[in-house]
Structures are given as C-alpha cells and as structure tokens.
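Reviewing the structure listed below.
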C-alpha cells in the first residue's frame, strides 16, 4: 500500500491602496447682520472642517474652493422689504 499525504494550505491576505483622487463636496452656510462677522464665522467653520480632514492626512494644499457667494437676506413685512442679514 502506498503512503498518501495531504497538504492543506490556508491563508488570508489584505490589500490596501491609496486612492488617486477623492472628491468631497461640502456646503457651509452662516448668517450674521454684519458681512465681516459672517465671513469670519464661515472661515472658522471651514477651518474646523480642515482640521477634521487633517486626521485623514489630507494635504491642505490639495483642497480647493469651487464656489463662494454672499447673499443679503430680505423678507417682506407689511409690504416693505426688510433686511435680515
């Protein structure tokens, strides 16, 4: 009788790679009566987002602002246009 042997191979592998490009789209909104205060508040919010992205080791120089706008908010009260910020 011939001696038969069995060889069993088990393994596990994990493959990781860095993406070439990631697009993250965010909208940051604020409201203030004075333009400079509104922009300062929004800049603070954007900085907080950037600090959050620092955790993921995302280079700040690769971040781009694609749109920036400031709109005055008005409402009509008693048929008159009223500034609300």
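Values for this structure:
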| read-out | value |
| --- | --- |
| Condition broken by residue 74, with the remaining ones in (1) touching a strand residue (DSSP E or B) at 6+ places or on another chain (Cβ under 8 Å); (2) modelled with pLDDT under 85 satisfied | (2) |
| Residue within the stretch 36-43 that is in a loop (DSSP other than H, G, I, E, B) and over 13 Å from the mean Cα position of the chain (by Cα) present | no |
| Qualifying residue in the stretch 31-44 (condition: surrounded by 10 or more Cβ atoms within 10 Å (Cβ to Cβ), touching a helix residue (DSSP H, G or I) at 6+ places or on another chain (Cβ under 8 Å), without any contact (Cβ under 8 Å) to a residue 24 or more places away in the chain and closer than 19 Å to residue 63 by Cβ) | no |
| Verdict on residue 8 being within 23 Å of the chain's Cα centre (by Cα) and assigned to a loop (DSSP other than H, G, I, E, B) | no |
| Condition met for residue 64 (loosely packed, with under 10 Cβ neighbours inside 10 Å and without any contact (Cβ under 8 Å) to a residue 24 or more places away in the chain) | yes |
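Table: residues versus (1) exposed (fewer than 10 other Cβ atoms within 10 Å of the Cβ); (2) in contact with a helix residue (DSSP H, G or I) (Cβ under 9 Å, 6 or more places away or on another chain); (3) assigned to a helix (DSSP H, G or I).
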| site | (1), (2), (3) |
| --- | --- |
| 24 | yes, yes, no |
| 27 | yes, no, no |
| 47 | no, no, yes |
| 71 | yes, no, no |
| 82 | no, no, no |
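The values are calculated or read from the model by the stated rules, or taken from the named source; none is laboratory data. Because the structure is predicted, anything quoted here is derived from the model rather than measured. We place every Cβ from the backbone using ideal geometry, glycine too, and count neighbours over all the protein chains shown.
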